[in-house]
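The values are calculated or read from the model by the stated rules, or taken from the named source; none is laboratory data. Please read all numbers here as calculations on a predicted model, not as lab measurements. Ideal geometry is used to build each Cβ from the backbone, glycine not excepted, and the neighbour counts take in all protein chains shown. Side chains included, ligands, DNA and RNA excluded: accessible areas come from the protein's heavy atoms. Shrake-Rupley method; radii C 1.70, N 1.55, O 1.52, S 1.80 Å.
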Amino acid sequence: MNYQTDVCIIGAGPGGALLAYLLAKQNISTILIESSDTLGKEFRGEHLNEDGEMILKKHHIFEEIEDLGLLRMSRVEYWKDGHVFKTIESELGHAGIHVPQQHLLQSINSQASIHPSYKLMLGTKVTELTQNEKGQYTGIKAQQKSRGEIIVESKIIIGADGRYSTVRKLAHIKNNIHNHGYDLLWAKIPAPANWEPSIKFALVEHQQVALFSQAKGFVQIGWNIEKGSYPALRKQSFRPFIQRLTDAFPSLNLSIERFITSWSDFTLLSVQSSISEVWSKHHLLLLGDAAHTMTPTGAFGLNESLKDADLLSDLLHQVFYQNKEISETLRQFEQKRKPKLITLERIQFQREKEFSSHFISS
């Protein structure tokens with residue numbers, strides 16, 4: 001089957017979904033393509049800061065998410081020897097908001113679906129980018145389980161398909177990867193009784209351990225380990241390793257004993273950041289993690305994707321209603337956003353380098 005649209009967005013994560021909604025609301029025909037069969041699979045980077053919160057409120061999405069469920073974290077705490085020794089209270093009234101990705105995407109999609117200019121295609125895997133004789137990208141070919149191959153002809157293609165972007169690979173765009181020296185073990189466990197929502201940090205064997213309170217009564221654990229060390233770590237006894245976590249946060253003891261009993265209860269995340277060499281190419285643009293993958297430090301990833309979508313929707317309005325040239329407009333987006341992401345990457349490196357200084361007595 002063949003489809004025609006103004007903008008084809010590949011990847012229905014927060015950035016791609018928000019952009020699709022904002023374009024459809026402007027009556028710019030938009031097809032949003034997602035390889036998964038459902039929206040909102042569990043995602044680890046679900047931390048909303050003041051920038052992301054402002055954008056969602058600006059576009060009247062935050063209220064619906066709040067009805068579905070989110071969690072404001074009261075403060076940031078630094079722990080040593082099983083006790084809090086430093087607390088940072090936020091002037092915003094919270095130190096961050098946990099927003100389940102399913103709630104975020106459900107809210108965006110429900111509002112986008114009202115507009116006839118919006119079409120969501122789930123279970124659709126992009127296999128090829130099409131180009132005209134001038135080399136401009138003019139659409140995509142994709143495979144659907146139920147319909148086989150489909151073709152989407154589009155004036156603009158947006159690759160919002162994450163750190164391992166298919167669009168980026170098909171467009172032969174180089175991705176510059178930067179090693180931060182650590183990987184991350186993730187786990188999610190039920191919060192103990194009377195757990196006060198907060199962000200908690202500890203230094204365990206010279207590595208960062210972070211606890212993030214989550215909606216629906218959970219605690220997310222992020223434990224830094226030396227880059228590439230996990231295979232050797234798994235060969236060691238599990239009990240002494242997990243005891244370090246219990247020593248750092250004694251109130252988690254019962255929950256850890258019940259829900260983290262072996263190495264398989266952790267998920268390994270290979271940590272890296274990257275900035276793609278170019279973001280725009282022949283009527284194609286990369287957005288969010290496809291253009292700029294970030295580490296978990298500072299929880300910038302989700303929020304920067306939302307900022308990408310917010311700016312790009314304004315710029316594309318100029319293309320379709322003020323006859324601005326497509327390639328120049330996409331380059332303008334890259335020129336505005338890329339330096340800011342390069343700066344944020346440097347900030348992440350600096351914060352990671354200085355983390356242990358929080359635990360030095362003054």
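Pairs meeting the criteria (first residue in the range 11-22 and in a helix (DSSP H, G or I), second residue crowded, with 24+ Cβ neighbours inside 10 Å and among the charged types (D, E, K, R), beta carbons under 6 Å, at least 6 apart or on different chains) are Gly15/Asp308.
In the range 304-333, of all residues being surrounded by fewer than 19 Cβ atoms within 10 Å (Cβ to Cβ), in a helix (DSSP H, G or I) and among the acidic types (Asp, Glu), the one that is farthest from the chain's Cα centre (by Cα) corresponds to Glu328.
Residues checked against (1) at pLDDT 95 or above; (2) closer than 21 Å to Ile140 by Cα; (3) of a type in the set (Val, Ile, Thr):
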{"site": "Tyr3", "(1), (2), (3)": "yes, yes, no"}
{"site": "Gly40", "(1), (2), (3)": "no, no, no"}
{"site": "Asn49", "(1), (2), (3)": "no, no, no"}
{"site": "Ile61", "(1), (2), (3)": "yes, no, yes"}
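Filtered by the rule that a residue be touching a Lys or Arg at 6+ places or on another chain (Cβ under 8 Å) and either more than 18 Å from Gly228 (Cβ to Cβ) or open to solvent by 50 Å² or more (accessible area, probe 1.4 Å) (or both), the range 268-277 gives Ile275, Ser276, Glu277.
When you scan the range 40-58, do you find a residue that is open to solvent by less than 10 Å² (accessible area, probe 1.4 Å), in contact (Cβ under 8 Å) with a residue 12 or more places away in the chain and part of a strand (DSSP E or B), even just one? Outline the logic, then answer.
First pass over the range 40-58, keeping only residues open to solvent by less than 10 Å² (accessible area, probe 1.4 Å): 48, 52, 55-56.
After this cut, where a residue has to be in contact (Cβ under 8 Å) with a residue 12 or more places away in the chain as well, the list is 48, 52, 55-56.
Filter once more, keeping what is part of a strand (DSSP E or B): 48.
For the range 40-58, residues open to solvent by less than 10 Å² (accessible area, probe 1.4 Å), in contact (Cβ under 8 Å) with a residue 12 or more places away in the chain and part of a strand (DSSP E or B): present.
Contact map, the range 76-89: residues that are open to solvent by less than 70 Å² (accessible area, probe 1.4 Å) paired with residues that are assigned to a strand (DSSP E or B) and among the basic types (Lys, Arg), Cβ distance under 7 Å, separation 6+ or inter-chain. Pairs shown: Glu77/Lys200; Tyr78/Lys86; Trp79/Lys200; Thr87/Arg75.
Filter the range 335-362 down to residues that are open to solvent by less than 30 Å² (accessible area, probe 1.4 Å) and more than 19 Å from the chain's Cα centre (by Cα) and give me whichever is modelled with the lowest pLDDT. Among those residues, the one meeting the criterion is Phe359.
Checked against (1) open to solvent by 50 Å² or more (accessible area, probe 1.4 Å); (2) touching a residue at least 12 places away in the same chain (Cβ under 8 Å); (3) closer than 22 Å to Leu284 by Cβ, Glu133 passes all but condition (2).
Checked against (1) at positive phi; (2) open to solvent by 20 Å² or more (accessible area, probe 1.4 Å); (3) in contact (Cβ under 8 Å) with a residue 12 or more places away in the chain, Lys119 meets all criteria but (1).
Any idea which residue in the range 234-257 is farthest from Asn194 (Cα to Cα), counting only those that are in a helix (DSSP H, G or I), touching a residue at least 24 places away in the same chain (Cβ under 8 Å) and open to solvent by less than 80 Å² (accessible area, probe 1.4 Å)? So the residue we want is Phe238.
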